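Heads up, the thing below is written out as C-alpha cells.
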Amino acid sequence: MKQIIFPVLFLFSFLSVHTYGQMSFSLYSFLEEDKKIKTFDPEFDNSIFFIGRKSIPNLEQSPISFNGWQYAEITAFDGKIFKIEGRYLLSSDVMEIRFEDYHVTLYPSKIKHIQLADRYFIPSLFEEKDLKAYSYFEVLCLGEITLVKKYNLDYDKQVLKQDIYYKKQDGIAKAMFSNKRKLLKLFGNSSKLMKKYISDHNLNFRSENDLVKIFDFYNSTSGWASNQN
C-alpha cells in the first residue's frame, strides 16, 4: 500500500503523472470494443445514473477530482457506449458526467468500464473488514486475473493512498497479497512457472510495475487472450 502526503493544491498535477507507457497491450485490445458510440441522452439513457442535480457556483472547486472534467467513454452492461465529459471524485469515490447544466452520478452496478482520457476504470465489489461494497478501480492489467488500483483520499490528512487489488473473472476485487507464497498460490497450476519467471527476471511482487509484468505474463500464458478472439 502506498501513502502519499502532499498539499491538496498539488493533487491535480500529481495525478497527471502516470506510467501508461508500461500498460499491458491487452488492456487496449480488449477494452476497445467495436460498438457505435452514441451521444448521451438523459431522456432515454437514465438507466446508468441515479443522482442528478443542477450545477452550483464553484462546484468544480469543492470536490477533489481526478484531473477535473475529461473526455469520457462509458460502456454500460447493455452494450451502449456513451461519449461525454466525466470525472472521478476521489473524495466521495463516485464517477460523474455532465451535460448541459446538470452533473449526474453514475450507478456503478450498471457500468462495465469507464475511460477517462487515457485511463480505464472499472466499478467492482470489494472486500474490506468482512464487508462488501462498490468502488472504482483503475485497471493496470486485464486478463484472467485483472490487476487494479484503488485510490483512497483522506482530505483532512491530505493523504492519498493507493492499494493494489486483484480481480478474477466475474469475481470481487481482493487486496493483493503481501506474502509471496500466497501470491504464487493464486496462480494455481502455473505457480512453479510463475516462481521461475519472477526469479529469472528479478521481479519484486511489492512493486506496482513488477506486479504488472507478473500478471501480464500469467495472463498471456493462461489462454485467456486467445479465448477473447
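Okay, here's what the table says:
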quantity: Which listed residue, of Val139, Val104, is over 12 Å from the mean Cα position of the chain (by Cα) and buried (at least 18 other Cβ atoms within 10 Å of the Cβ); calculated: Val104
quantity: Residue list for the range 192-216, filter: basic (Lys, Arg), assigned to a helix (DSSP H, G or I) and under 20 Å from the mean Cα position of the chain (by Cα); calculated: Lys213
quantity: Any hit, the range 207-223, residues being farther than 18 Å from Met95 by Cα, at pLDDT 90 or above, surrounded by 15 or more Cβ atoms within 10 Å (Cβ to Cβ) and among the basic types (Lys, Arg); calculated: yes
quantity: Residue check for Ile84: over 23 Å from Gln169 (Cβ atoms), modelled with pLDDT of 85 or more and either surrounded by 14 or more Cβ atoms within 10 Å (Cβ to Cβ) or not polar (S, T, N, Q) (or both); calculated: yes
quantity: Top-ranked residue in the range 107-136 [being of a type in the set (A, V, I, L, M) and within 9 Å of the chain's Cα centre (by Cα); ranked as surrounded by the fewest Cβ atoms within 10 Å (Cβ to Cβ)]; calculated: Ile122
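The values are calculated or read from the model by the stated rules, or taken from the named source; none is laboratory data. None of these values were measured; they are calculated from a predicted model. All Cβ positions, even for glycine, are placed from backbone atoms using ideal geometry, and neighbour counts span all protein chains on display.
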